[in-house]
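All of the numbers you see were taken from the coordinates with simple rules; none came from a lab. These numbers come from a predicted model, not from an experiment. Here the Cβ is made from the backbone with ideal geometry for all residues, glycine too, and neighbour counts use every protein chain on show.
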Amino acid sequence: MSTDTDVNAIWSLALSRIEKSLTKPLYVTLVSATKPLSLSQGNYLVAVESDVVKQWLSSHCKELLEAEIKSISELVERVEFVIGSKGIFETPPLEISAPRQTLIPPQAFQPKSEPKSRTGMAPGSLYLSPRYNFEVFVIGHGNRFAHAAAQAVAEAPAAAYNPLFLYGGVGLGKTHLMQAIGNYALTINPSAKVLYITTEMFTNELINAIRDDKTVQFRNKYRTVDILLIDDIQFLAGKEATQEEFFHTFNSLYEASKQVVVSSDRPPKEIPTLEERLRSRFEWGLIADIQPPDFETRVAILRKKVEIGELNIPDEIINLIATKIVSNIRELEGALIRVVARAALDKVAISKELVESSLGFSLQGQAKPGITMALIKKATAEHFGVALEELDAKIRTKDVALARQVAMYLSRELTKSSLPKIGASFGGRDHTTVIHGCEKIREAYKKDQIIENSVKSIKAALKNAAT
């Protein structure tokens with residue numbers, strides 16, 4: 001079997017056979033975040049949306065899936081998950097206020113009427129802002145998996161993904177998703193006790209409780225909630241007493257089947273001086289990353305803000321801001337606010353010139369999206385004429401191996417990514433493989449004119465793509 005039809009037929013049949021053996025969230029992830037690619041030399045390749053999805057599916061259902069696919073086709077020897085390009089998935093890459101998809105059976109929580117008053121903090125909640133909800137969250141390729149996981153948790157706390165660990169850079173929407181979980185859970189169960197807190201607030205409250213001899217009250221506050229949402233958990237690093245207290249708080253909630261959601265600017269394994277017992281507990285559930293928004297998502301975010309604010313801003317201005325501000329959502333929204341404020345103060349129409357004068361520093365400082373590993377892999381695959389997915393697969397043919405090593409070499413030279421991160425981006429390879437590949441290309445570059453020309457050609461293509 002080698003046709004697309006056969007590959008898809010195998011996948012559809014395998015999914016139908018294992019559906020009843022999987023939880024609803026896991027099955028939905030398999031259907032929405034994967035796509036069968038090819039069957040060649042016994043390798044059945046399946047594309048997934050991200051490394052997080054790849055790792056999670058590998059640990060939760062790969063053996064079951066592989067056994068089923070082998071029983072369907074004797075040509076299959078192994079199943080491999082590889083990270084696919086974002087355009088190959090059937091689900092739309094961008095949604096705004098998408099219709100809600102129920103990921104958890106409805107019997108877990110019976111819907112109740114929404115609280116009458118949502119102007120302030122909801123009944124049973126602490127520190128939740130009603131402006132953070134799923135309806136205004138703009139879904140794009142970089143946050144779709146995290147959004148789906150957050151929605152599943154909100155619909156049925158502790159029924160799936162417990163704990164849920166969200167990580168990503170500053171201003172990418174982690175706090176929005178966390179608070180949206182709390183706000184939505186309260187529309188389903190208004191009597192639920194939901195607590196959102198930052199790690200700094202948790203630490204300060206603990207210090208005050210110890211000083212004032214109120215540790216019992218402190219523990220009652222945190223260990224009797226139904227949903228605990230704790231932001232910026234990376235700040236636990238180096239705080240031994242706070243880690244000890246949070247460890248016991250986590251255990252108490254988990255054993256009582258209460259939901260814990262945690263956010264960080266990095267995955268658990270990269271948080272320094274975090275106790276191993278805490279790290280392992282964070283890894284019990286689901287770890288979902290949030291990536292910086294691509295151009296289409298940035299445009300959608302700005303349009304959503306324009307719609308909410310009932311502003312009249314031309315598409316060319318929205319596109320201009322989305323092109324220039326590439327780092328995170330917070331800066332993107334801030335840029336829009338500055339432009340609108342400047343136009344109002346000067347009583348002029350919003351124009352390109354006004355954007356330039358209002359955001360001159362931002363435009364100059366962020367005009368180039370920069371060279372990323374994704375860009376390097378794409379340019380290298382195109383140069384050598386291999387499929388992008390093959391760079392992540394365990395394929396060792398000469399042309400694929402060379403392309404992979406060149407891409408690793410350029411990733412090491414042109415980005416600030418660590419060796420483990422580069423390895424993870426190339427199908428989960430370890431850092432020693434990256435070192436070997438880089439050394440091989442470095443030596444070949446000195447002696448082989450073809451390799452030298454290839455590297456220079458890819459660098460030139462990257463320079464053009466990043467400007």
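Numerical summary
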quantity: Ascending count of other beta-carbon atoms within 10 Å, so fewest first, for V299, V48; calculated: V299, V48
quantity: 5 angstrom amide H check on K394, placed H, neighbours 5+ away; calculated: none
quantity: Hits among lysines - C-alpha to C-alpha of K221 under 23 Å, sequence gap 8 or more where chains match; calculated: K193, K239, K258
quantity: From phi via Karplus (6.51, -1.76, 1.60), per-residue ³J(HN,Hα) for the range 189-199 in Hz, x at Gly/Pro; calculated: 9, x, 8, 5, 9, 10, 10, 9, 8, 8, 4
quantity: Sequence ranges 235-243, 305-313, ranked by mean other-Cβ count within 10 angstrom, highest first; calculated: 235-243, 305-313
quantity: Members of K377/K446; K304/K324; K352/K377; K416/K440; K20/K70 lying beyond 25 Å, as alpha-carbon distances in this model show; calculated: K352/K377
quantity: Table column - 3J(HN,Hα) (Hz), the range 438-451, Karplus curve with 6.51, -1.76, 1.60, x for Gly and Pro; calculated: 5, 5, 4, 6, 4, 6, 5, 4, 6, 10, 10, 5, 5, 5
quantity: Interchain or long-range residues, amide H under 5 Å from T198's placed H; calculated: D231
